[in-house]
1. Do we have any residue at all in segment 119-130 that's within 24 Å of the chain's Cα centre (by Cα) and more than 15 Å from ligand 2 (Cβ to nearest atom)?
2. So, Y124, is that one of a type in the set (F, W, Y), within 16 Å of ligand 1 (Cβ to nearest atom) and surrounded by 13 or more Cβ atoms within 10 Å (Cβ to Cβ) or not?
3. What are the residues in segment 135-153 that are near ligand 2 (Cβ under 10 Å from one of its atoms) and in a helix (DSSP H, G or I), if any?
4. Can you tell me which residue within segment 154-185, out of those that are within 16 Å of ligand 1 (Cβ to nearest atom) and not in a loop (DSSP other than H, G, I, E, B), is nearest to N136 (Cα to Cα)?
5. Which one of these is surrounded by 14 or more Cβ atoms within 10 Å (Cβ to Cβ), out of contact with any Lys or Arg (no Cβ under 9 Å at 6 or more places or on another chain) and free of Cβ contacts under 8 Å to residues at least 40 places away in the same chain: A130, A157?
6. Counting only residues that are assigned to a helix (DSSP H, G or I) and touching a residue at least 40 places away in the same chain (Cβ under 8 Å), how many does segment 211-237 have?
7. Out of curiosity, is D177 more than 16 Å from ligand 2 (Cβ to nearest atom), among the charged types (D, E, K, R), surrounded by fewer than 17 Cβ atoms within 10 Å (Cβ to Cβ) and under 22 Å from the mean Cα position of the chain (by Cα)?
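Nothing in this text is a laboratory measurement; each read-out follows from the coordinates by a stated rule. Predicted, not measured: the structure shown is a model, and the values here were computed from it. Reconstructed Cβ throughout: ideal geometry from the backbone, glycine too, with neighbour counts over all protein chains shown.
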Amino acid sequence: MRILTGIQPSGVPHLGNYFGAMRQVCDLQEKGESFLFIADYHALTTNPEPEQLRERILNLTLDFLACGVDTEKTVFFRQSAVPEVCELMWILNTVTPLGFLERAHSYKDKIAKGFLPNNGLFSYPVLMAADILLYNANLVPVGKDQKQHLEITRDLAIKFNNEYGEIFTIPDGYIPDQVAIVPGLDGQKMSKSYNNTIPIFGKEKALRKTVMSIVTDCKGLEEPKDPESCNVVALYKLFASETELNAMKEKYRAGNYGYGHAKQELFEKMWEFFAPMRTRRAELEANLDFVEELLRKNGEKARAAASITLDKVRSAVGLK
Ligand code: ADP
Ligand code: TRP
């Protein structure tokens, strides 16, 4: 089984990204042959500053390697290391009904947010289909927001196969339901777009300050508090053992335990949880040549896999 997913370099990863996506990707490495790439071509659709894009690609690479992507098991590469994906996209474009793209809500959402309606944004799902079909992926782990893109991918693969013969593997999405939504500082879903995130990496002082800014009600120190409705407890749960969690809940109910105390405990747990990853990240950051070389080698592996599919596609459509 081949598992594949891509991630956009869209900013500093937070607890929601880690528990909702990064950890899943790392766990899936044990289940089959994995392909994981940084979707840098996709990132261009919102026209980032070049320097900022470069920085984000590098940071996301370091984040994933630090969080447990194992390059012995996973082909971890940059999308743009395999420009063949653009050729496949072009060929898929010629079998893509405009209606598929006009219906895509991610396009409408982006326009509503004020992004320029460029053709890259519009045909984003075709590039994503090319990403998946180029590597014959069977399973594609994604967040719920990507469900429609996966359906478009499947439809395009079926349409192409009907027209030109059985070339593409029809992929299945993997959208784990059990992943709880991680709440942000204000209790809404943690998201970069809501400005309510707790980054997984960062300087101790700044991170502590962020944790201390989690919104709670304004019960005084002595008053008993409700652990079930408290954001701090919901976040503590991500890191604590059953016993530790119950101990905190007890203290909430007993009173004489302030939100400030709970936040300190949360911070300590979180800091400890990410400690090995922080160390690994710092090592990698001090060794960027090694990281570059790793990505380059992985890019070559991906390219070799891609060229097999692309050869078949070229022959099928009459380019060869
Ligand atoms: P953001 O909302 O911060 O822009 P993305 O949309 O880039 O995050 O999400 C990247 C991945 O992280 C997706 O798979 C998404 O499902 C997951 N994810 C993001 N926020 C959360 C959250 N608060 N709880 C659980 N998973 C999340
Ligand atoms: N569109 C995905 C997102 O924004 C990223 C992505 C690009 C992707 N190509 C992919 C995900 C291929 C899975 C498979 O999250």
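1. Filtering segment 119-130 for residues within 24 Å of the chain's Cα centre (by Cα) gives 119-130.
With the extra rule that they be more than 15 Å from ligand 2 (Cβ to nearest atom), the set shrinks to 119.
Yes, because at least one residue in segment 119-130 is within 24 Å of the chain's Cα centre (by Cα) and more than 15 Å from ligand 2 (Cβ to nearest atom).
2. Spelling it out, Y124 is indeed of a type in the set (F, W, Y), within 16 Å of ligand 1 (Cβ to nearest atom) and surrounded by 13 or more Cβ atoms within 10 Å (Cβ to Cβ).
3. Start the filter on segment 135-153 by keeping residues that are near ligand 2 (Cβ under 10 Å from one of its atoms), which leaves 135, 137, 140-143, 145-146, 149-150, 153.
Listed by number, the residues that qualify are D145, Q146, H149, L150, T153.
4. Going residue by residue through segment 154-185, those that are within 16 Å of ligand 1 (Cβ to nearest atom) are 173-185.
Keeping just the survivors that are not in a loop (DSSP other than H, G, I, E, B) gives 173-174, 183.
Values: G173: 13, Y174: 15, P183: 35 Å.
Among those residues, the one meeting the criterion is G173.
5. Matching residue, one of A130, A157: A157.
6. Initial filter on segment 211-237 (assigned to a helix (DSSP H, G or I)): 211-212, 227-229, 231-236.
This time we only want the ones that are touching a residue at least 40 places away in the same chain (Cβ under 8 Å), so: 211-212, 231, 234-235.
Adding up the residues that qualify gives 5.
7. On the way: more than 16 Å from ligand 2 (Cβ to nearest atom): yes; among the charged types (D, E, K, R): yes; surrounded by fewer than 17 Cβ atoms within 10 Å (Cβ to Cβ): yes; under 22 Å from the mean Cα position of the chain (by Cα): yes.
Yes; evaluated as a whole, the condition is true for this residue.
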